[in-house]
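A short worksheet on the structure shown next.
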Amino acid sequence: MPINGSTTTPTAAVEVPRGLAGVVVTETRLGDVRGYEGFYHYRQYSAVELAQTRSFEDVWHLMFHGELPDAGQRSAFAARTARLRRLPDEVLAALPAIARAGALSGPLSGLRTALSLFGAAKGFRPVYDIDEDRRREDALAASAVVPTLLTALYRLGQGLDPVEPREDLSYAANYLYMLTGSEPDPARARAIEQYLISTIDHGFNASTFTARVITSTGADVAACLVGAVGALSGPLHGGAPSRALDTLDAIGTPDRIDGWIRERVLAGDRIMGFGHPVYRTEDPRSRMLRGIAQQFGGGLVEFAVEVERQVEAILAELKPGRELHTNVEFYAGVVMELCGLPREMFTPTFAAARAVGWGANILEQAQDSKIIRPAARYVGAAAPVPVPALG
Ligand SMILES: CC(C)(COP(=O)(O)OP(=O)(O)OC[C@H]1O[C@@H](n2cnc3c(N)ncnc32)[C@H](O)[C@@H]1OP(=O)(O)O)[C@@H](O)C(=O)NCCC(=O)NCCS
């Protein structure tokens with residue numbers, strides 16, 4: 001029997017904006033994004049300040065345990081996560097086949113498969129059936145192994161052997177080491193570490209929401225992460241950094257910026273690396289990454305700064321009142337290029353950092369027993385009509 005006037009669901013139907021924009025669906029202690037201020041934070045700290053002053057492991061600890069580590073916790077947590085980098089034998093053995101099958105689609109789609117296998121190999125159980133400590137162990141194990149899976153899949157795709165993780169290197173340095181096979185220069189490792197910290201979490205974005213929806217069903221941690229990776233892979237979410245750099249390549253020279261951008265915008269295309277669903281001012285991640293890029297300097301950085309200046313002016317003219325600025329992806333692409341990351345690893349690198357944020361969100365969501373189950377307005381043919389007889 002319908003109640004509260006709704007004819008489709010047993011509770012009152014509530015109209016919300018398209019894309020759920022601005023709809024508050026839960027509470028979180030993990031952080032927030034203030035779109036009009038150009039500010040975001042992890043727990044009580046500015047995320048940009050954390051990126052400028054702390055290690056990736058420190059911020060991981062903050063997200064998973066609710067506080068920044070003291071000196072003892074710091075080394076214990078770093079050692080613990082470093083030990084978790086190694087892959088189970090059965091997963092390592094399957095990676096060449098996953099890489100071969102995904103030769104055309106790249107390491108991120110391989111990660112979906114490999115993470116799923118990892119959860120099965122580790123015997124992950126539904127978060128519904130395990131206590132908080134066990135969930136944290138699963139989330140820690142899964143997020144620690146993502147860089148190993150991604151770099152191994154990338155190298156196999158290139159016809160190279162995977163490089164075993166090293167426990168004596170930091171998360172970021174080990175990531176670059178596993179990718180290239182040689183120890184990275186400290187400035188580049190630190191630049192990538194700052195990028196990784198700055199992308200750990202960012203409000204209720206599509207992949208985080210996806211992870212939380214799956215968690216709300218009580219599924220295991222790997223299932224939640226696999227869904228989140230799928231959501232992140234879309235070009236409107238995490239798939240933009242290599243496309244932003246492709247745009248710089250396509251423009252080519254400063255004299256072509258104006259004509260190239262105008263033509264695309266007037267044709268209704270979106271310029272990759274610009275615009276954001278929440279920020280109505282400069283993206284603070286973009287500001288930080290531009291600073292990092294400028295410390296390295298060089299032609300690419302100067303060109304990117306000029307493209308940013310002109311695109312912002314053109315978008316302000318052609319899309320008045322929309323406040324379209326560079327988002328994280330624009331300078332992320334530039335920084336990753338400067339640090340020697342291949343383009344097909346840009347979005348996977350984003351995924352590695354975000355796996356920590358998803359893990360923290362999974363842990364938080366698992367404490368809430370309510371399943372996330374919204375409704376849709378049915379707009380199809382009037383029902384019911386009799387099912388046509390066969391023949
Ligand atoms: C990020 C993004 C999906 C946000 O989308 P959104 O919040 O839905 O923004 P809207 O669709 O409301 O855009 C508002 C207007 O600005 C335009 N716009 C938004 N981003 C634009 C861009 N990058 N280039 C050109 N125009 C853009 C839209 O076409 C729209 O114009 P309209 O009102 O005339 O239709 C969007 O800005 C985009 O596609 N950017 C490029 C991809 C990208 O960089 N993704 C990484 C995100 S971190």
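The values are calculated or read from the model by the stated rules, or taken from the named source; none is laboratory data. Quick caveat, the model's predicted, so the values are computed rather than measured. Note: ideal-geometry Cβ built from the backbone for every residue, glycine included; neighbour counts use all protein chains shown. What goes into the accessible areas is simple: the full protein's heavy atoms, side chains included, and nothing from ligands, DNA or RNA. Shrake-Rupley method; radii C 1.70, N 1.55, O 1.52, S 1.80 Å.
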Check: Which is the longest run of the chain containing none of the GluC sites (Glu not before Pro) found in DSSP loop states (not H, G, I, E, B) with at most 15 other C-beta atoms within 10 Å?
Finding: 168-391
Next item on the list: State which stretch of the chain is the longest one without any exposed trypsin sites (Lys or Arg not before Pro), exposure meaning a DSSP loop state and at most 12 other Cβ atoms within 10 Å.
Entry: 30-321
Note to self: Tell me the per residue accessible area of the chain using a 1.4 Å probe; a whole number in Å² is fine.
What the structure shows: 48
Checklist line | Local net charge near GLY230, Cβ-Cβ under 15 Å (Lys/Arg +1, Asp/Glu -1) | finding: +3
Next item on the list: Sum up the charges of everything whose Cβ sits under 15 Å from the Cβ of ASP89, counting Lys and Arg as +1 and Asp and Glu as -1, but leave ASP89 out.
Entry: +1
Notebook entry, point to check: If you take the square roots of the eigenvalues of the alpha-carbon gyration tensor of the stretch 299-355 and sort them as a ≥ b ≥ c, do you get rounded (a/c under 1.5), prolate (a/b over b/c) or oblate?
Noted result: oblate
Next item on the list: Putting +1 on Lys and Arg Cβ atoms and -1 on Asp and Glu Cβ atoms, find which of VAL14, ALA78, MET63 reaches farthest to the positive end of the dipole of the stretch 1-91.
Entry: ALA78
Notebook entry, point to check: For GLU312 and ARG80, FRET efficiency with R0 = 56 Å and r from the beta-carbon atoms, rounded to 0.05?
Noted result: 0.80
Notebook entry, point to check: Taking square-rooted eigenvalues a ≥ b ≥ c of the alpha carbon gyration tensor, is the stretch 103-238 rounded, prolate or oblate, where a/c under 1.5 means rounded and, failing that, a/b exceeding b/c means prolate?
Noted result: prolate
Next item on the list: Roll a 1.4 angstrom probe over the protein heavy atoms and tell me the percent of accessible area of the stretch 332-391 that is carbon or sulfur.
Entry: 61
Checklist line | Net charge over other residues, Cβ less than 11 angstrom from the Cβ of ALA173 (K, R count +1; D, E count -1) | finding: -1
Margin query: Relative contact order for the stretch 241-338: what percent, with Cα pairs under 8 Å and sequence separation of 6 or more?
Written below: 45
Next item on the list: With the full set of protein chains in place, find how many percent of the accessible area of the stretch 168-262 is carbon and sulfur; take the probe as 1.4 Å.
Entry: 56
Next item on the list: Over every pair of different alpha-carbon atoms in the chain, take the mean of 1/r and invert it; report that Kirkwood radius in Å.
Entry: 22.3
Next item on the list: Kindly state, to the nearest 0.05, the FRET efficiency for ALA267 paired with ALA21, given R0 = 30 Å and r defined as their beta-carbon distance.
Entry: 0.75
Margin query: Shape verdict for the stretch 241-338, please, from the Cα gyration tensor: rounded (a/c under 1.5), prolate (a/b greater than b/c) or oblate.
Written below: oblate
Item checked: Taking the chain and dividing mean pair separation by its residue count, relative contact order in percent (alpha carbons under 8 Å, at least six apart) -> 22
